1. Of Asp101, Asp49, Asp88, which has the largest mean-square fluctuation in a 10 Å C-alpha GNM of the chain?
2. If you average the alpha carbon positions of the range 81-120 and of the range 23-64, how far apart do those two centres end up, in angstrom?
3. In the neighborhood of Ala72, defined by Cβ-to-Cβ distances under 9 Å, what is the net charge if each Lys or Arg adds +1 and each Asp or Glu adds -1?
4. First select every other residue whose beta carbon is under 14 angstrom from the beta carbon of Thr17; then total the charges, Lys and Arg +1, Asp and Glu -1.
5. So, with a 1.4 angstrom probe, what is the percent of accessible area on the chain that is carbon and sulfur?
6. If R0 is 22 Å, what FRET efficiency do you get for Gln117 and Glu138 from their C-beta distance, rounded to 0.05?
7. Quick one: dipole size for the chain, taken about the Cα centre, charges +1 on Lys/Arg Cβ and -1 on Asp/Glu Cβ, in debye to the nearest 20.
8. For the chain: lysine pairs with Cα atoms under 21 Å, gap of 8 or more or different chains, count?
Amino acid sequence: MKKIERLLLAVKACLGTPFHHQGREPKVGLDCIGLVIVGLRAAGMNVRDRLDYGPRPDGKSLIEGLEAHGAARVSDIQAGDVLLFRYDNQPQHVAIATGEDTLIHSFAPARAVVASQIGDYWRRRLIAIYRFEKIVSE
């Protein structure tokens, strides 16, 4: 099975998991960063985790974390990409794209890991798309 397939299966298996700030356990509790970590680890990446952030993570730290793990900023959305969204005028939320127009994320207002369309609401907040080429290409 390809790495991208393992990543997508892992995040889809998390659907319905309750939202929990700094959560890292599928079916028990995940936050948006935790969901991304679960997916990346399922794809075979050795991800360094941090739990020293508040309910509204610092956008600079999110970007630095993605880039430190080898993610490159791209302009088009593909399945497996990490989408970075802004709230309060800075990056504070991440999701995994499952297609060009769909995503899965652990979303506090929904109180769970949910699938969503990438409609106007999310497109207005999307500020960056990151791709792990070593996951997509293998």
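The values are calculated or read from the model by the stated rules, or taken from the named source; none is laboratory data. Keep in mind it's a predicted model, so treat the numbers as computed, not measured. Heads up, the Cβs are rebuilt from the backbone with ideal geometry, glycines too, and the neighbour counts pull from every protein chain shown. To get the accessible areas, we keep the full protein, side chains included, count just its heavy atoms, and leave off ligands, DNA and RNA. Shrake-Rupley method; radii C 1.70, N 1.55, O 1.52, S 1.80 Å.
1. Asp88
2. Here the answer is 13 Å between Cα centres.
3. 0
4. Its environment carries a net charge of +2.
5. Roughly 51 percent, rounded to a whole number.
6. 0.20
7. Computed about the Cα centre, the dipole is about 180 debye.
8. 6
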